[in-house]
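Read through the structure below, which is laid out as structure tokens, and then see the notes.
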Amino acid sequence: MEWLEQLVTANKVPIGLWGKQFVTWITDNFSAVFDAITLGLKVPIEGTVDLLTAIPPFVFIALLAAIAYGLQRSWRLVLFTVIGLLVILNQGLWDEMVETLVLVVYATAFSLAIGIPIGILATRRPWIYPVLSPILDMMQTIPTFVYLVPTLILFGLGVVPGIIATVIFAVAAPIRLTYLGISEVNKALIEAGESFGCTRWQLLTKVKLPAALPTIMAGVNQCIMLSLSMVVIAALVGASGLGKPVVRSLNQVNVPLGIESGLAIVLVAILLDRMVKQQRRRTPARKPAKG
């Protein structure tokens, strides 16, 4: 059997070389397009970071606390928001935290803008999701470094390849959960909407999406958490944020810096998770009928 093994190993299929040639061809022929995309993403992201870092930290903390209360009506969340952000400020990681928030917000916005319409379209065309499902599996299982290298070559060093890699990794969650939520809408609700003469658009916006909203919001929550989990990977290609001190602590074997930056990431993750988490409505217990 050695001859067979030698036959297989001696005739290596040049998959890596083909990939390199493809990336080189794209770079040579569409460099202007990628430069435009890089500029179009870099300018608003860096502008948002500059705007938010110009806000005094205590004003920023008050604004986030107000947003947290407006979303969840929870004083516990407000207290956690204030204490968590004060801890990050105390550790000297304020600017990095703001940069991470901007990265997560933009990556989540792009992922939702792509994922939710695709999830809706998949419910309208039954053949789409079976084709899409293995692609989504591949996007989430392939190590991020594999597609981080081509994005780095195409878009250069900085926040843009980090954003694009994050979107590729996170977009599967809103696609899957939007499709799942709409697919599981009670057929009686759909039939009731049709009986009242709803158009397809009205049926989608007034019946299906409201009924599927809890599942879609779970997809939003997952998308935010997946985006936040990419901050360290994005830092490896030049993106700013809390991933930078983590990478620095690894390179320098700086345990205190690693603990501080890791704690800041955890605090931001808990804060974002609690802010977008949909509250479960409690149904009042029925009183037993008096006999």
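No other residue among Leu132, Leu204 is at pLDDT 85 or above, under 18 Å from Ile114 (Cα atoms) and part of a helix (DSSP H, G or I) apart from Leu132. Quick check on Val98: is it closer than 21 Å to Glu46 by Cβ, in a helix (DSSP H, G or I), among the hydrophobic types (A, V, I, L, M, F, W, C) and modelled with pLDDT under 90? So Val98 fails the test.
Checked against (1) open to solvent by 30 Å² or more (accessible area, probe 1.4 Å); (2) farther than 30 Å from Ala264 by Cβ; (3) in contact with a Pro (Cβ under 9 Å, 6 or more places away or on another chain), Thr178 passes all but condition (1). Just checking, does region 9-30 include any residue being closer than 30 Å to Leu152 by Cβ, modelled with pLDDT of 85 or more and loosely packed, with under 10 Cβ neighbours inside 10 Å? No - not one qualifying residue is present in region 9-30.
The C-beta contact set for region 73-86 (first residue assigned to a helix (DSSP H, G or I), second residue of a type in the set (Phe, Trp, Tyr), distance under 7 angstrom, 6+ apart or interchain) comprises Val78/Tyr69.
Taking the options Val59, Val23, name whichever one is in a helix (DSSP H, G or I), closer than 30 Å to Pro150 by Cα and among the β-branched types (Val, Ile, Thr).
Selected residue: Val23, the only one of Val59, Val23 that is in a helix (DSSP H, G or I), closer than 30 Å to Pro150 by Cα and among the β-branched types (Val, Ile, Thr).
Does region 60-70 include one or more residues that are at pLDDT below 90, open to solvent by 70 Å² or more (accessible area, probe 1.4 Å), of a type outside the set (Phe, Trp, Tyr) and over 18 Å from the mean Cα position of the chain (by Cα)? Looking for residues that are at pLDDT below 90, open to solvent by 70 Å² or more (accessible area, probe 1.4 Å), of a type outside the set (Phe, Trp, Tyr) and over 18 Å from the mean Cα position of the chain (by Cα), one finds none in region 60-70, hence no.
Of all residues in region 110-135, those that are without any contact (Cβ under 8 Å) to a residue 60 or more places away in the chain have Cβ atoms under 7 Å from Cβ atoms of residues that are open to solvent by 30 Å² or more (accessible area, probe 1.4 Å), 6 or more apart or on another chain, in Ala122/Tyr129; Ala122/Leu132; Ala122/Tyr179; Ile128/Leu121; Tyr129/Tyr179.
The values are calculated or read from the model by the stated rules, or taken from the named source; none is laboratory data. Just so we're clear, the structure is a prediction, and the values are computed from it rather than from any experiment. Reconstructed Cβ throughout: ideal geometry from the backbone, glycine too, with neighbour counts over all protein chains shown. All accessible areas refer to the heavy atoms of the entire protein, side chains included, with ligands and DNA or RNA removed. Shrake-Rupley method; radii C 1.70, N 1.55, O 1.52, S 1.80 Å.
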